[in-house]
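Please read the structure below before turning to the comments.
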Amino acid sequence: MAAAQERILITHDRQTMPEHFRERLAQGKSSPGVLIVSQFEPLGPVVETIVMIWAASNPEEWRNQIRYLPSLRRHVFNR
């Protein structure tokens, strides 16, 4: 459904989503992109990071890309 609406998919599914993504591309279908986020990250910093990504990037940069958001506690919001 996300692809049909040209929306980047944000998921916690590190187990099966990469394979589904590869299969989609192998079938010749396009994807607006996938962002995989750890389910153990605090929601507030994840939302802030997604908003920053949205503001700083172009949708075409994400097309047919799968990216993993690094640990925010370790890399971005270390306190």
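The values are calculated or read from the model by the stated rules, or taken from the named source; none is laboratory data. Since the model is a prediction, treat every value here as computed from it, not as a measurement. A quick note on method: Cβ atoms are made from the backbone with ideal geometry, for glycine too, and the neighbour counts reach across all protein chains shown.
Scanning the stretch 19-66 for residues that are within 11 Å of the chain's Cα centre (by Cα), part of a helix (DSSP H, G or I) and in contact (Cβ under 8 Å) with a residue 40 or more places away in the chain yields a count of 2. Filtering the stretch 21-44 to residues that are loosely packed, with under 14 Cβ neighbours inside 10 Å and more than 15 Å from Tyr68 (Cβ to Cβ) leaves Glu23, Leu25, Ala26, Gln27, Gly28, Lys29, Ser30, Pro42, Leu43, Gly44. Got at least one residue in the stretch 41-52 being under 13 Å from Ala2 (Cβ atoms) and at pLDDT below 95? No, that holds for no residue.
Within the stretch 2-20, restricting attention to residues that are surrounded by 11 or more Cβ atoms within 10 Å (Cβ to Cβ) and β-branched (Val, Ile, Thr), which residue is nearest to Trp62 (Cα to Cα)?
Ile8
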